[in-house]
Structures are given as C-alpha cells and as structure tokens.
2 protein chains.
Amino acid sequence: MIPKEVMRIIEEMRLERIRGASYLAKKGAEAYLLLSELLQGDELKEAIREVGREIRAVNPSMASLYNLSRFIPITGDPKTVRMKAEEFVRLSEEARKEIGNIGSELIDENEVIITHSFSSAVLEILKNALRKGKRFKVILTESSPDYEGLHLSKELDALGVPFEVITDAQIGLFAEKATLALVGADSVTKDGAVVNKAGTKLLALACHDAGVPFYVAAESFKMHPEADAKDVELMERPYSRQGYRVRNYLFDITPWKYIRGIITELGILVPPKEI
Amino acid sequence: MIPKEVMRIIEEMRLERIRGASYLAKKGAEAYLLLSELLQGDELKEAIREVGREIRAVNPSMASLYNLSRFIPITGDPKTVRMKAEEFVRLSEEARKEIGNIGSELIDENEVIITHSFSSAVLEILKNALRKGKRFKVILTESSPDYEGLHLSKELDALGVPFEVITDAQIGLFAEKATLALVGADSVTKDGAVVNKAGTKLLALACHDAGVPFYVAAESFKMHPEADAKDVELMERPYSRQGYRVRNYLFDITPWKYIRGIITELGILVPPKEI
C-alpha cells in the first residue's frame with residue numbers, strides 16, 4: 001500500500017500543467033524519499049513497486065519517469081532508497097547545469113532564439129548565456145491551451161531578457177525571423193525522435209524550411225532505453241471550447257532528420273549521416 | 001465625402017473577426033451599391049475614389065478588396081456603379097459554386113480532410129461533396145485567438161458531417177492522420193504564394209512532411225494582379241494574455257512549392273514544374 005502522503009505527491013504530479021519532464025522526475029524522486037522515511041522491509045519493497053507503476057502512469061510517454069522508476073532499486077532498506085533518490089536529484093541538477101553550460105556556447109551575440117512551451121533546460125541555457133555576457137532576444141509561443149509559454153515570459157521578464165510572445169499558429173511566420181531554435185524534450189526515443197509539447201514538430205519543420213538550426217536540450221535521463229518513436233503512447237487531456245470537444249494531445253514527435261543536435265550533459269548528439 | 005450609411009458598412013468590415021476575403025469583398029460591393037443609391041455626378045465620382053481607398057485599407061493584404069476597388073469604374077453615373085457592383089457579387093457567387101463543384105471531385109470516399117480556420121470556399125466544396133453522396137470526415141483547427149474554426153464546426157454540425165476539432169499546435173500530429181488538406185485563401189500573389197490565416201504554412205509543411213496533398217480553394221478575384229509574396233503587407237491585430245502582449249499577425253504566406261493545386265472557378269492551377 002502506498003501511504004497517503006506519498007499518494008498526495010503523485011496526485012500533484014498528475015495535476016501539474018505547466019512544468020515538464022525534469023520537474024516531474026524531481027517530484028517523483030521526492031515521493032521515493034518520503035517513502036523511505038515512512039516504510040521499511042517488505043512493506044517498503046511492495047510500495048516501491050506500486051509507486052513505480054503510479055509514477056510511470058503519470059505520463060507513459062515521459063522517459064524521465066520510466067528511468068527514475070528503474071533507478072530506484074526494489075529493496076526493503078530505506079537507506080538505499082534514500083541514497084538512490086538523492087543521487088537521482090543530484091545527477092539531474094548537475095545535468096541541467098552542464099546542459100546550460102554546453103548549450104550557451106551555441107548562442108552568438110544578438111542571436112534571435114525561438115522556443116516553444118516551457119523547458120527548464122532551455123531556461124538554464126539562456127541564464128548561462130546571460131552570465132557569459134551574451135545579448136540575445138527570445139521569441140516564444142504562448143503554448144495554448146495551458147499557456148506554459150507565459151510562465152517562460154515571466155522568467156525572462158525577471159531576468160531582463162527581451163522577448164516577444166506569439167500565438168502557436170504564428171510559428172511559421174516567426175521561425176523566419178529567428179537565427180536559432182531551442183526546445184526542451186519530454187523524452188528522446190531510441191531512434192532519436194524527440195517527444196515534446198505538441199507544436200514542437202511544427203517549429204522543427206518551419207526551421208527546416210527557413211534554414212534555422214533546431215536544437216533540443218535534454219538530460220540523458222530523458223532518453224528512453226527501449227522505446228522507438230512508434231512505441232510512444234501520446235497522452236491526451238480533456239479540453240473543450242464553445243461547447244465543442246477539442247482534441248488535446250500533449251505531445252508530438254519530431255523525427256531525428258529535422259534536428260541539428262540534442263544538447264545533453266555529456267555533449268551534443270548529432271544525427272547519423274545516413275538520415 | 002463618404003455618406004455615413006456607407007461608412008457604417010466599411011466599419012463593419014473592419015470589425016469582422018470570423019469571415020474572410022470572400023465575405024468582405026461582398027460587403028464591399030454592398031457599400032458601392034448603397035453609394036449608387038445615395039449620390040450621383042461629381043459627388044459619386046469622388047466618393048467612389050474614397051470608398052476604394054477605405055475598402056483597400058480594411059486589409060491591405062486582401063487581393064479581393066483590391067480587385068473589387070478596381071472592378072468598380074470611377075464614374076458619376078449611379079446606374080453603371082450599381083450594375084458593376086451587382087456583377088461583382090454575381091460573379092463571386094458563381095465562382096464559389098463552381099469551386100465547390102470542381103473541388104468536390106478531389107474528395108474520395110472516406111476521405112479524411114484537414115483544414116485550418118474558416119473558408120467559405122472550403123465549406124462550399126464540402127457541401128458539394130455531400131450532395132454528391134460522398135462520405136468523409138473533417139479535422140479542423142480551433143484557430144486561436146478568434147476561433148473561426150469553431151464557426152466551421154457549427155456549420156458541419158448542422159450538415160451532419162463528422163469532424164474533430166484540434167488546437168493549432170496539433171497540426172503536425174493530425175496532418176499525419178489526414179488524406180487531403182483543403183484551405184481557403186485571402187490572397188494569391190503573382191508568384192503563386194498563398195496568403196491565408198496564420199498557421200496555414202504550418203499545415204502545408206506538415207502535409208508536405210506526411211505526404212498529404214495540400215490544396216487551396218480561391219476564387220480568381222483573390223489573385224493579386226501585381227503583388228509578389230515579398231510585397232505582401234501582413235496585418236496585425238492587438239492581442240494580449242495574462243498581461244503580456246502577444247503578437248497577432250492574421251496571415252502567413254505559403255510558397256507555391258508546398259501547394260499541390262489552387263482550385264479556382266476556372267479549373268485547378270498547378271505549380272510550374274521547375275519549382
């Protein structure tokens with residue numbers, strides 16, 4: 001049985017509308033930490049199994065949740081669980097910082113960066129570039145219907161970075177005005193496809209058409225060790241407007257061939273030449 | 001001087017948020033008709049010049065308004081003005097019907113048609129296909145921020161055509177599920193580019209990627225006799241969300257190379273081979 005305090009964290013993960021895969025993985029690690037304080041022995045062992053299922057079910061297309069659940073050993077020893085959960089959080093934070101460092105090197109003076117939705121890895125890159133004294137401008141989508149983009153505009157406002165918000169439908173128009181595209185990822189499949197907020201593929205296509213390099217920032221724990229693009233189960237949330245049901249898949253899939261590189265904490269992955 | 005009754009029509013044209021170039025051209029013709037009832041001689045002549053300027057300014061990127069203003073002769077004879085305005089309306093209606101007839105031939109049994117925004121020419125094609133006994137399904141975008149798509153969903157609901165509404169950001173995802181794309185146009189430039197609701201280019205790119213034929217329905221009076229894609233002045237309307245200004249260009253430009261054909265009342269135009 002999962003203790004109700006732990007279920008509450010999982011419930012919060014389910015309800016989260018703005019933040020993505022990195023944040024949810026961190027919340028998931030918190031659930032394991034709390035579990036290690038509340039249970040031990042066979043009860044802990046069984047609860048770890050159940051929490052793993054629940055966390056993966058929060059979003060079946062998020063490799064970060066899958067990888068987290070595999071990172072935590074099924075054991076009755078609370079100390080091991082705590083150590084591994086803390087290690088996961090520490091590695092995630094180090095990864096994000098290193099992505100910020102590596103990714104910011106792609107930003108040239110007066111770059112016009114276009115992005116879609118909200119990605120903490122992309123924000124880390126922008127903060128890093130700012131610390132390195134680079135000046136740049138950001139074009140960002142409002143990202144309907146949950147408007148995660150406006151969460152990014154608040155952050156940029158606070159940092160003093162100039163930005164313009166656009167509707168999602170104007171991605172084609174504004175990709176032509178950008179010099180670099182940077183997005184996050186919820187998952188990267190084994191065949192190099194990027195699962196990210198619906199609309200990401202449109203940005204990749206528009207950048208391809210306009211000759212703008214399109215990069216993805218993703219910690220290595222977002223890489224799915226087994227799933228190919230065709231295996232990805234895309235999650236949908238209810239949404240309606242003016243009495244009509246509106247389809248609302250959260251993610252779309254951008255194939256490798258439209259991606260210039262995936263920025264990870266280990267370096268930048270580039271697609272194989274034969275694609 | 002433009003009589004205030006005529007100015008009221010022009011004001012209505014400026015405020016129109018849902019319907020596009022065909023509707024506005026018809027409203028413009030009504031303005032000329034009313035003018036021919038109210039004025040004559042030099043006063044009429046001068047008012048025709050002024051109305052032409054005002055109508056073109058309603059939306060400088062709409063060739064239909066430009067062509068209407070050129071169709072009406074600058075004359076002091078009310079009868080001539082009335083005749084020409086009536087002729088414009090009649091030709092427009094005939095054109096729309098013939099587009100419905102020609103376009104519906106592209107629709108095969110069980111076609112899955114994806115469209116963006118609201119186009120009266122596309123609706124005419126769908127109605128025509130329905131009359132010919134064809135069964136098909138429509139995927140349509142809500143078309144934020146004015147939601148013209150939901151105007152189309154009401155029409156399809158009334159006709160009993162099955163449809164699904166999607167957010168604009170899911171165009172990439174749902175283009176893969178479609179077998180045919182049909183959109184309207186606000187203008188077609190001399191070099192074959194289609195000016196239509198922002199997001200149309202994204203649908204064209206997604207269809208190109210997914211191998212789905214992309215057709216545009218446009219009466220010949222939407223073809224600009226002089227302007228190239230680079231000359232098009234894209235109109236923007238104010239829009240904000242959560243206190244942030246959001247850019248809101250109404251249109252984007254889809255180049256010839258992504259278009260399988262433009263359905264006009266004269267037949268289907270196909271891009272020249274060298275593109």
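Which condition number does A:HIS208 fail, the rest of (1) more than 22 Å from B:PHE251 (Cβ to Cβ); (2) not in a loop (DSSP other than H, G, I, E, B) being met?
(1)
Hey, B:SER104 hits all of (1) in the same structural domain as B:SER220 (by TED's automatic domain parsing); (2) among the small types (Gly, Ala, Ser); (3) closer than 30 Å to B:GLU5 by Cα but one; which does it fall short on?
Here B:SER104 clears every test but (3).
Residue under question is B:SER120, and the condition is that it be at pLDDT below 95 and of a type in the set (S, T, N, Q); does it hold?
yes
Among the residues of the range A:109-125, write down those that are of a type in the set (A, V, I, L, M, F, W, C), crowded, with 20+ Cβ neighbours inside 10 Å, out of contact with any Cys (no Cβ under 9 Å at 6 or more places or on another chain) and outside any helix (DSSP H, G or I).
A:ILE113, A:PHE118
Could you give me the residue pairs with C-beta distances under 9 Å whose first residue belongs to the range A:112-126 and is closer than 16 Å to A:GLU164 by Cβ and without any contact (Cβ under 8 Å) to a residue 12 or more places away in the chain, whose second residue is among the small types (Gly, Ala, Ser) and part of a helix (DSSP H, G or I) wherever it lies, and which are 6+ apart or on separate chains?
Taking only residues 6 or more apart or on different chains, not a single pair turns up.
Can you find, within the range A:126-153, the residue that is nearest to the other protein chains (Cβ to nearest Cβ) among those that are outside any loop (DSSP other than H, G, I, E, B) and basic (Lys, Arg)?
My answer is A:LYS137.
Mind checking whether some residue in the range B:148-171 is within 25 Å of B:LYS27 (Cα to Cα), in contact (Cβ under 8 Å) with a residue 60 or more places away in the chain and hydroxyl-bearing (Ser, Thr, Tyr)?
No, the range B:148-171 contains no residue that is within 25 Å of B:LYS27 (Cα to Cα), in contact (Cβ under 8 Å) with a residue 60 or more places away in the chain and hydroxyl-bearing (Ser, Thr, Tyr).
How many residues are within 14 Å of chain B (Cβ to nearest Cβ) and assigned to a helix (DSSP H, G or I) if we restrict to the range A:220-265?
Qualifying residue count, the range A:220-265: 5.
Test each condition in (1) in contact (Cβ under 8 Å) with a residue 60 or more places away in the chain; (2) farther than 24 Å from A:PHE174 by Cβ for B:ASP186 and report the one that comes out false.
(2)
Restricting the search to the range B:154-188, which residues are assigned to a loop (DSSP other than H, G, I, E, B) and touching a strand residue (DSSP E or B) at 6+ places or on another chain (Cβ under 7 Å)?
B:VAL161, B:PRO162, B:THR167, B:LYS177, B:ALA178, B:THR179, B:GLY184, B:ALA185, B:ASP186, listed by residue number.
Which one is nearest to the other protein chains (Cβ to nearest Cβ) among residues in the range B:186-202 that are among the hydrophobic types (A, V, I, L, M, F, W, C) and touching a Ser or Thr at 6+ places or on another chain (Cβ under 8 Å)?
Among residues in the range B:186-202 that are among the hydrophobic types (A, V, I, L, M, F, W, C) and touching a Ser or Thr at 6+ places or on another chain (Cβ under 8 Å), the one nearest to the other protein chains (Cβ to nearest Cβ) is B:ALA198.
Okay, residues lined up against (1) more than 18 Å from the chain's Cα centre (by Cα); (2) of a type in the set (S, T, N, Q); (3) modelled with pLDDT under 95:
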| position | (1), (2), (3) |
| --- | --- |
| B:VAL183 | no, no, no |
| B:LYS190 | no, no, yes |
| B:CYS207 | yes, no, no |
| B:VAL216 | no, no, no |
| B:ASP231 | yes, no, yes |
| B:LEU234 | no, no, yes |
| B:TYR239 | yes, no, no |
| B:VAL246 | yes, no, no |
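Within the range B:162-181, which residues are surrounded by fewer than 21 Cβ atoms within 10 Å (Cβ to Cβ) and under 20 Å from the mean Cα position of the chain (by Cα)?
The one that is surrounded by fewer than 21 Cβ atoms within 10 Å (Cβ to Cβ) and under 20 Å from the mean Cα position of the chain (by Cα): B:LEU180.
Only one of these is surrounded by 17 or more Cβ atoms within 10 Å (Cβ to Cβ) and touching a helix residue (DSSP H, G or I) at 6+ places or on another chain (Cβ under 6 Å): B:LEU205, B:LEU250, B:LEU269. Name it.
None of the others qualify; the one that does is B:LEU205.
Which of (1) farther than 22 Å from B:ALA198 by Cα; (2) in contact (Cβ under 8 Å) with a residue 40 or more places away in the chain does B:GLY52 not meet, given it meets every other one?
Here B:GLY52 clears every test but (2).
Being surrounded by fewer than 24 Cβ atoms within 10 Å (Cβ to Cβ) and not small (Gly, Ala, Ser): is that true of B:LEU140 here?
Considered against the rule, which asks whether it is surrounded by fewer than 24 Cβ atoms within 10 Å (Cβ to Cβ) and not small (Gly, Ala, Ser), B:LEU140 comes out as no.
Of the residues in the range A:79-107, how many are more than 15 Å from A:PHE221 (Cβ to Cβ) and without any contact (Cβ under 8 Å) to a residue 40 or more places away in the chain?
Counting residues in the range A:79-107 that are more than 15 Å from A:PHE221 (Cβ to Cβ) and without any contact (Cβ under 8 Å) to a residue 40 or more places away in the chain gives 6.
Select from the range B:246-275 the residues that are charged (D, E, K, R) and out of contact with any strand residue (DSSP E or B) (no Cβ under 7 Å at 6 or more places or on another chain) and list them in ascending order.
Listed by number, the residues that qualify are B:ASP252, B:LYS257, B:GLU265, B:LYS273, B:GLU274.
The values are calculated or read from the model by the stated rules, or taken from the named source; none is laboratory data. Everything quoted here is computed from the prediction, not taken from an experiment. For neighbour counting, all protein chains shown are included, and Cβ atoms are generated from backbone atoms with ideal geometry for every residue, glycine included.
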